Amino acid sequence: MQIGLALQHAQQTLAASETPRLDAEVLLAHVLQKPRTYLLTWPERELDARCYAQFQALLAQRQQGVPVAHLLAEREFWSLPLKVNNSTLIPRPDTETLVETALELGQLDEQVLDLGTGTGAIALALKSERPQWQLTAVDKSAAAVALATENAKHLRLQVDVRQSDWFSALAGQAFSMIVSNPPYIAADDPHLLQGDVRFEPHSALVAAAEGFADLEQIIKQAPAYLNAGGWLVLEHGWQQAQGCRARLREAGYHDVASKADLGGVERITYGRWLTAEKERTDVE
């Protein structure tokens, strides 16, 4: 079958997807080990039996809802090719806004902690832009730690990846910036039954207290791990910016603000802690 005709049939097969044509092109390009532009340039090229069979197998899985990123075992984030699997969230474009915010707030020499690193996407993106920064990335999942470590090695980016349930393994350490994309979806959110999230670990998606439990824990505990003037930068849900700003101010953070993602939704909220824990302890 010709490439052009195969893509037409695939688009019909994936009609339930939000992006059927894109999914088909990405999967076929993966099978052929060619860029997507090749498909558009040579639509009359014939697919051999092996490639066509591989393509059909991928289409069948995608038709069942398996994320394209899982089928390819890879997702691009901040122009970095990251290995992915079902042990972590699939990195999303909205999270690049967190990276942008951290880069804007950061100084020449930062010690940055990425909480709940998953694939390592945020930490690796920051390290790729600021090689002089010291990056520590933690996750409570051993599988996520292994994946983030693999990505760091593959990209040759020096990030200290550790297993830790939030701050549990970081006693006595302090950072000039803490970033996190924690679970923030309420357990009864209908979006959990739709799209790619059905195939992602709910422990990385769902939080108690209407999605605020982990955000609140990080906001309360982070000051003990922040240097004087250090920033806490958080990703959250589309309706949680106001709640995050209120919680940060109530906890004593300064310069609290939010930033919108590419869709115009307030997705990132941040605040600065002005007094280091040691200084507060000495005063007390």
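Remarks
- Residues that are touching a residue at least 12 places away in the same chain (Cβ under 8 Å) and closer than 13 Å to Ala6 by Cβ within the range 25-39 comprise Glu25, Leu27, Leu28, Val31, Leu32, Leu39, listed in sequence order.
- For the range 260-275, a residue qualifies if it is out of contact with any Gly (no Cβ under 8 Å at 6 or more places or on another chain), of a type outside the set (Val, Ile, Thr) and surrounded by 17 or more Cβ atoms within 10 Å (Cβ to Cβ), and the qualifying residues are Asp261, Glu266, Arg267, Tyr270, Gly271.
- Unique match (being of a type in the set (Val, Ile, Thr) and at pLDDT below 95) among Val197, Val161: Val197
- Under the condition of being surrounded by fewer than 21 Cβ atoms within 10 Å (Cβ to Cβ) and in contact (Cβ under 8 Å) with a residue 12 or more places away in the chain, the residues counted in the range 147-163 number 9.
- Enumeration of residues in the range 96-105 that are of a type outside the set (D, E, K, R) and out of contact with any strand residue (DSSP E or B) (no Cβ under 6 Å at 6 or more places or on another chain): Val99, Leu103
- Search result, residues across the range 229-266 that are aromatic (Phe, Trp, Tyr) and under 14 Å from Asn181 (Cα atoms): Trp238
- Scanning the range 220-241 for residues that are in a helix (DSSP H, G or I) and either without any contact (Cβ under 8 Å) to a residue 12 or more places away in the chain or in contact with a strand residue (DSSP E or B) (Cβ under 7 Å, 6 or more places away or on another chain) (or both) yields Ala222, Pro223, Tyr225, Ala241.
The values are calculated or read from the model by the stated rules, or taken from the named source; none is laboratory data. All of these numbers come straight from a predicted model, not from anything done at the bench. Counting neighbours? That spans all protein chains shown, and the Cβs are built from the backbone with ideal geometry, glycine included.
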